[in-house]
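One structure is given here, and the rest of the page talks about it.
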Amino acid sequence: MTVKQPDLSFTQNPQWIAERETHWGPIEGFLKENNRKEVVEQLKKLFFTGVIDNPEDVREGFAILYYPLQTAEAWDYLFQDVRLNPKCFKEFMNASLMGSYNEKFFLDDEARLRFFDYFHPATYQPVIKSRVPIGREQKIVQIEVDRFEILRDMAAKFSQFLGGSEVPVIYYRLDYFFSFLDEACDVMDVSNNDKDDIQYFANNFLQRYFKIESDLEPKNRGEQKAFLVRFYNHIANNPVHPSIKAIWQKVLDEHD
């Protein structure tokens, strides 16, 4: 079933246009660094109206980022575009998980969370499917999730957060993160790089738990503490794999 274009009549509202103008300046400067004048003009029209006069001038995926409406229905409409390469869906899925897109694309935290929820269920699922057919063949895209790759990437994001970075999108979807943790198998079975990373992050988070008051950055201290407490309690009280539980026990023994 073809998804119809959402109602964009709000783009004619003078107040909305004025607010949109305040965001366009930095975006325009960013775009001019790597795009021809004609492309920037096309993207400006897309940004303000949702219209692309010459689709060939706009790289695939740009419409997802600069469309005036940032909702599931709008993304359904855009992803069904036959010009999109299906791999674009996976790239956006990974980006939504890591919160890779900043204020140049998503103008508020709610939009970032909607983008995350568009791709990811509330808890881990081994296969993620596109909501609409994508690409010239108009097929539903199915992505088999690499549990350890995603777990490693999310853990790295939390490590940056504990080091003083902004609160990541995944912080607001901790059920998803911990359901991944529950599904992880023997960390000794994965590649050496993934194994070392996962072991490092698990050990680091647990060590920080025992030094919460002294080892946290003042910025976002409350959120940092909440994450560490939940991380410790989750491993202590849930049937995570013995290889992860062993890391927890080793750290616990060191602090007895």
* Asked: What number of residues in region 235-250 are surrounded by 17 or more Cβ atoms within 10 Å (Cβ to Cβ) and either part of a helix (DSSP H, G or I) or of a type in the set (Ser, Thr, Tyr) (or both)?
  -> 5
* Structure fact -> Counting only residues in region 127-166 that are modelled with pLDDT of 90 or more and part of a loop (DSSP other than H, G, I, E, B), the one surrounded by the most Cβ atoms within 10 Å (Cβ to Cβ) is identified as Ser130
* To do: Could you please find all residues in region 72-88 being buried (at least 16 other Cβ atoms within 10 Å of the Cβ) and closer than 19 Å to Arg173 by Cβ?
  => Trp75
* Structure fact -> Filtering helices (runs of 4 or more DSSP H) wholly in region 1-102 for at least 3 residues that are over 25 Å from Phe119 (Cα atoms) and assigned by TED's automatic domain parsing to the domain that holds Arg114 gives 14-32, 37-49
* Structure fact -> When restricted to Lys211, Lys219, the only residue among the basic types (Lys, Arg), in the same structural domain as Phe180 (by TED's automatic domain parsing) and either under 18 Å from Ala155 (Cα atoms) or touching a residue at least 40 places away in the same chain (Cβ under 8 Å) (or both) is Lys219
* Asked: What number of residues within region 207-227 satisfy the criterion of being assigned to a loop (DSSP other than H, G, I, E, B), under 22 Å from the mean Cα position of the chain (by Cα) and loosely packed, with under 14 Cβ neighbours inside 10 Å?
  -> 1
* Residues being under 14 Å from Ser130 (Cα atoms), of a type outside the set (A, V, I, L, M, F, W, C) and touching a Phe, Trp or Tyr at 6+ places or on another chain (Cβ under 9 Å): count how many of those fall in region 53-85. => 2
* Which listed residue, of Asn192, Asn203, is among the polar types (S, T, N, Q) and modelled with pLDDT of 85 or more -> Asn203
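The values are calculated or read from the model by the stated rules, or taken from the named source; none is laboratory data. These numbers come from a predicted model, not from an experiment. Here Cβ is always computed from backbone atoms with ideal geometry, including for glycine, and neighbour counts include all displayed protein chains.
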